[in-house]
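Coordinate-derived values only; no laboratory data. Just so it is clear, the structure is predicted and the values come from calculations on it, not from any experiment. Every residue, glycine among them, receives a Cβ derived from its backbone with ideal geometry; neighbour counts consider all protein chains shown.
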Amino acid sequence: MDYELSEGHRRLREEMGNFCREEIAPDAALFDEAPREEASARMRTHLKTLAGKGFMNLLLGGDLLGTCIAGEELARVCPSTYLAAVSSAIAFG
């Protein structure tokens, strides 16, 4: 059995990792330190940005491995955003 990622999955991991490090990671500490209103506003911005990149569609209709790869990259830089994105996608799909 071949356990190597396909070229498409490697590309997804790289693109999602770059996106998360550039767009999401700079605000990650904010969720622990900022007032609730500011953190909530940033979280909404993150979720809109992720939706614009197709992350929510990947959660709901993509292949399972691609979903796991994208989620792992997001959770690596900001677990709060990952949990909010997954919860939103499942609840409001």
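List of remarks:
- Of Leu58, Leu47, Leu30, the one that fluctuates the most in a GNM where the chain has Cα springs shorter than 10 Å: Leu30
- Counting neighbouring Cβ atoms within 10 Å and putting the fewest first, the residues Asp27, Asp32, Asp63 line up as Asp32, Asp63, Asp27.
- Each of Arg42, Arg10, Arg76 was scored by other Cβ atoms within 10 Å of its Cβ. Listed from fewest to most, they are Arg10, Arg76, Arg42.
- Kyte-Doolittle mean at least 0.0 and Cα axial length at least 15 Å: DSSP H helices in the chain: 64-77, 79-92
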